[in-house]
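Below is one structure, written out as structure tokens; comments come after it.
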Amino acid sequence: MSESVADGTERRVLDSRVDKGLRPGALGLLASIVIGVASTAPAYSTAATLGLVIGILGFHSPGILLVSFVPMLFIAFAFRELNAEDPDCGTTFTWATRAFGPWVGWMGGWGIVAACVVVMSSVSQVAAKYAFLLVGADRTAGSTLWTTVGGVVFIALLTAVCYLGIEISARLQFVLLAIELVTVVVFAVVALVKAYAGHGMAGGRHPTAEWFNPFHGSFTSVSNAFLLAVFIYWGWDTALSVNEETEDSARTPGRAAVIATVVLVAVFVLAGTAILAFAGPDYLAANSGDIFGALSNAVLGSWAGKLLILSVLTSAAASTQTTIMPTARATLSMAAFGALPARFARVHPRLRTPGFSTVAMGVVSAVLYVALSAISTNVLSDSASAVGLLIAFYYGLTGFACVWYFRRTLRDSARALWMRGILPLLGGLVMLGAFVLSITSYWPADSSSSSIGGIGGIFLIGAGSLLLGVVLMLLCRLRLPAFFAGETLSAATPTQAAAAPMTTSPDLRPTDPRSTDAASRSSL
């Protein structure tokens, strides 16, 4: 059986599995962990979002960061178990289709795409702003026009990096993440030392065990802080989206995702505790839009404070790049299984990257960013918060897909029951609750910086993205009926692992995918 993709290249399809043409074995465990952590953008998330959490819960913010980590870990287990069964770069799309059918699976894939496209506007704006601040162009950094131009340039540059190859992308991530993490950790340690030495701000205090109790205040305040924390932790699943380009694709990406979530909780709790001890919640809440900018000189001094600006810049740049990667691979997988037009399945024959999907992601993100900037900076700021609704949607769907897909094997062992059943189910239920809370919390106009007809802009962007997905899905149903009839992907389709011995290389010569040409393997 064979299939012709849009660029005219014939690719063999064996056992209903498409050889997508990506470069196998290009990434190792460390590179996968780096990609997972960098996608979450610890410095950017701390600077732009942690202050909002502190504004709600004050000194109890470290507790909510710990609690919100737990369902993330449970969802990471779901990703790991599903990846072990079927290491497909479509992740939620592929797994939800196997578990619940093509309609639900298509929307799962769309959830990934929508979340990434919407958040690109926010991170590219931050990257442009901090690039101007780094060179002392403060007035330019405050200009909507120039930050928009700079953001588009960042999107274009990092789209090009993703297009050129997964190894180049991973090496750049090593550099960007190293700058980011070292700076954040140094900042946190210095802030704690100064706080204990009595050189902090007036509102600071020495940390106590009570700080790690999140259940303080009303249910509404705790739930709103949790929704923000969901956004802070989002991104580690990028390690799974490059699974087909990773050594030992059935195990390494899942391990990387779990390790990445543990690294992230350590970084966020350390940073949150340190800045609270140094400055106190009132000052941080008043400067929630840019915590590092407000504290850089006070903690590190005017010269060293530039390092914080650099860390946020590298964080936003890394996040921009690693946001392009999962979207390009999700649409590649969707097209390979006939859920999107065949052109999205094009892979560059030499670079072995999803060329068309990568460029399309960059172009759509840039267009949306320019459109939101032209409408209002308030709408642009709401777009970042709206991503929480989309995250809860596809993370929760993955948790439920894990339970349903493995439902017949949950009694095989205690490990299967917990790792494939109970914990993913709990993670899915928490994400479902977060999704419902997003709707109720962001519906009122006063919950957002923008509104239309008394409805908050955050809800309109989040729900509108899902509604657009439904419309696009119906259009795809008209053009691509085979996928929606379950003919190209279903629960009965052999998994990647099952089909492994039957794969073919892009030149159509049968190969064992577990063996890779030494020249194409990366030391990463």
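Every read-out reported here was derived from the displayed coordinates using simple, explicitly stated rules and does not represent laboratory data. All figures in this text were calculated on a predicted structure; none of them were measured in a lab. When we count neighbours, we look across all protein chains shown, and the Cβ atoms used for this are built from the backbone with ideal geometry, even at glycine.
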Rounding to the nearest 20 debye, state how big the charge dipole of segment 71-217 is about its Cα centre with +1 on each Lys and Arg Cβ and -1 on each Asp and Glu Cβ. 480 debye
Nearest 500 deg cm²/dmol is fine: what mean residue ellipticity at 222 nm does the chain get from its DSSP H runs of n ≥ 4 alone, each adding -39,500 (n - 2.57), divided by its residue count? -22500 deg cm²/dmol
Pull up all non-local amide H partners of Thr246: gap of 5 or more, or a different chain, and H-to-H distance under 5 Å with H placed in the peptide plane. Gly25, Ala26, Leu27
Show me the helices of the chain, taken as full DSSP H stretches, that run 15 Å or more along their long axis by Cα and average 1.6 or above in Kyte-Doolittle hydropathy. 29-40, 144-164, 166-196, 219-233, 252-279, 355-375, 423-442, 457-479
Between Ser451 and residues 5 or more places away or on another chain, the pairs with built amide H atoms under 5 Å apart involve Gly457
Among Ser449, Ala374, Phe268, pick out the residue whose Cα is farthest towards the positive end of the charge dipole of the chain, where Lys and Arg carry +1 and Asp and Glu carry -1 on C-beta, about the Cα centre. Phe268
For the peptides 466-472, 365-371, 314-320, what is the packing order when you average, over each peptide's residues, the other Cβ atoms within 10 Å and list the highest mean first? 314-320, 365-371, 466-472
Based on the mean of other beta carbon atoms within 10 Å per residue, what is the order of 141-153, 80-92, most packed first? 80-92, 141-153
Which number comes out as Rg/Rh for segment 400-492 once both Rg and the Kirkwood Rh are worked out on C-alpha atoms? 1.15
For segment 98-125 and segment 132-163, what is the centre-to-centre distance using only Cα atoms, to the nearest Å? 25 Å
Whole angstrom only: what separates the Cα centroid of segment 164-207 from the Cα centroid of segment 333-348? 40 Å
Limiting things to C-alpha atoms, what are the Rg and the maximum Cα-Cα separation (Dmax) for the chain, in angstroms? 22.3, 73
Rg and Dmax of segment 353-426, Cα atoms, in Å? 19.3, 56
Place +1 on the Cβ of every Lys and Arg and -1 on the Cβ of every Asp and Glu in the chain, take the dipole about the Cα centre, and give the residue among Phe435, Phe154, Leu332 whose Cα lies farthest towards its positive end. Leu332
Taking amide H positions as placed 1.01 Å from N in the peptide plane, with prolines and chain starts having none, which residues 5 or more places from Thr353, or on another chain, fall under 5 Å of its amide H? His348
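About its Cα centre, what dipole magnitude does the chain give when the only charges are +1 on Lys and Arg Cβ and -1 on Asp and Glu Cβ, stated in debye to the nearest 20?
340 debye
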Name the residue farthest towards the positive end of the dipole of segment 65-138 from the options Val119, Pro71, Phe93, assuming +1 on Cβ of Lys and Arg, -1 on Cβ of Asp and Glu, about the Cα centre. Val119
